[in-house]
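Below: one structure, written as structure tokens.
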């Protein structure tokens with residue numbers, strides 16, 4: 001596997017783990033404590049995780065199969081990561 005493929009695999013695996021963890025935390029809190037104060041934060045965060053996972057998955061797939069649109073998928077992954085960083089950056 002080429003170095004870029006390895007980095008994309010790492011990004012995809014991390015995104016999947018993060019999204020699953022956030023989703024399971026949301027499910028547990030919704031079932032156990034529906035009025036927990038962290039629920040709105042998780043509701044806003046889980047969709048970002050899904051978008052990141054999708055972008056990383058397409059980037060990895062495109063790179064591994066050497067598809068013609070792989071560079072656009074990689075650019076989309078970078079855009080999503082920057083958007084997440086801007087969205088969740090502390091405003092002070």
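Bear in mind that the values in this text are calculations on the coordinates, not laboratory data. Predicted, not measured: the structure shown is a model, and the values here were computed from it. Backbone-built Cβ (ideal geometry, glycine too); neighbour counts: all protein chains shown.
Return yes or no: is residue 83 within 17 Å of the chain's Cα centre (by Cα), in a helix (DSSP H, G or I) and surrounded by fewer than 16 Cβ atoms within 10 Å (Cβ to Cβ)? Against the criterion (within 17 Å of the chain's Cα centre (by Cα), in a helix (DSSP H, G or I) and surrounded by fewer than 16 Cβ atoms within 10 Å (Cβ to Cβ)), residue 83 qualifies. Just so you know, in the range 1-41 the residues that are surrounded by fewer than 14 Cβ atoms within 10 Å (Cβ to Cβ) and within 11 Å of the chain's Cα centre (by Cα) include one that is farthest from residue 74 (Cα to Cα), and it is 20. Whenever a residue of the range 8-33 is touching a residue at least 12 places away in the same chain (Cβ under 8 Å), its partners that are surrounded by 13 or more Cβ atoms within 10 Å (Cβ to Cβ) and outside any helix (DSSP H, G or I), lying with C-beta atoms within less than 6 angstrom and at least six residues away or across chains, give the pairs 29/36. Check the range 49-72 and report whether any residue there is part of a helix (DSSP H, G or I) and surrounded by fewer than 12 Cβ atoms within 10 Å (Cβ to Cβ). No, every residue in the range 49-72 fails to be part of a helix (DSSP H, G or I) and surrounded by fewer than 12 Cβ atoms within 10 Å (Cβ to Cβ). Does residue 76 fit the bill of being exposed (fewer than 12 other Cβ atoms within 10 Å of the Cβ) and assigned to a helix (DSSP H, G or I)? So residue 76 does not fit the description; no. Selection of the range 15-30 for residues being out of contact with any helix residue (DSSP H, G or I) (no Cβ under 8 Å at 6 or more places or on another chain) and closer than 28 Å to residue 64 by Cα yields 17, 20, 21.
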